[in-house]
């Protein structure tokens, strides 16, 4: 039950991608044309080619952002479809840029320029496709919120990452080992929720309260380590806390597994009744 869910957010910092880099190569001949226009002192050519350069640069930039967002979407088990149609806008802009360049920067006819512009749009669509339009929310039952699943699992993953970083600052090996186990098992719960979002209600309290408090207390504990304000009693109390959290995780995983077994048993009984009814 492993996956990599991540909440979609257009403002979120995404991993860079080289996809669409060749769109920037279109700028090369325009730059060369601009240089020639400058050398010849042709103001009209300078203006028209400068506009063409700006249009293609804007197109490439929008497309690149769209590819980055699409990468996050595709790598996520659960995700909302992008709200802003970056790729669709880039495809339209490519058509407009191609039309403008053909009609105003060359000697091509108006009709040919339209054909080239439409061809550029279609070519972008066929090669890159447009923006994802469907939410990836799994099989949610009535009353379950896709936004809640994405938000809560996203926050849980962020806390998991924070705990991984905080672990290295702990002052005893036993606390490091327990926290490592907590991180691993919490990730398994997140994976289970992503695989079956309908289990969110069973894990909501763990994520929102226990995991959040574990991170908060760990931060405060490390602050006391750094200020050399700890004694053996405090260290033992923190270790006991982690042990309790670890047991809570075990109990939480058992609840999820029990729920799966109950669902399976119900399905099996329903199938048996159906077979008996049909005389099979």
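The table below gives the values:
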{"item": "Scope segment 67-86; condition out of contact with any strand residue (DSSP E or B) (no Cβ under 7 Å at 6 or more places or on another chain) and either assigned to a strand (DSSP E or B) or closer than 15 Å to residue 24 by Cα (or both); matching residues", "result": "67"}
{"item": "Hits in segment 205-236 (condition: under 16 Å from residue 172 (Cβ atoms), in contact with a helix residue (DSSP H, G or I) (Cβ under 9 Å, 6 or more places away or on another chain) and surrounded by fewer than 13 Cβ atoms within 10 Å (Cβ to Cβ))", "result": "229"}
{"item": "Criterion violated by residue 87 - all others in (1) more than 19 Å from residue 60 (Cα to Cα); (2) at pLDDT 90 or above; (3) touching a helix residue (DSSP H, G or I) at 6+ places or on another chain (Cβ under 8 Å) satisfied", "result": "(1)"}
{"item": "Any hit, segment 184-195, residues being surrounded by 14 or more Cβ atoms within 10 Å (Cβ to Cβ), more than 21 Å from the chain's Cα centre (by Cα) and assigned to a helix (DSSP H, G or I)", "result": "yes"}
{"item": "Contacts under 6 angstrom Cβ, first residue in segment 124-138 being closer than 16 Å to residue 59 by Cβ, partner assigned to a loop (DSSP other than H, G, I, E, B) and modelled with pLDDT of 85 or more, 6 or more apart", "result": "131/85"}
{"item": "Count of residues meeting criterion [assigned to a helix (DSSP H, G or I) and surrounded by fewer than 16 Cβ atoms within 10 Å (Cβ to Cβ)] in segment 28-49", "result": "12"}
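The values are calculated or read from the model by the stated rules, or taken from the named source; none is laboratory data. Keep in mind it's a predicted model, so treat the numbers as computed, not measured. No Cβ is skipped: glycine too gets one built from the backbone with ideal geometry, and neighbour counts run over all protein chains shown.
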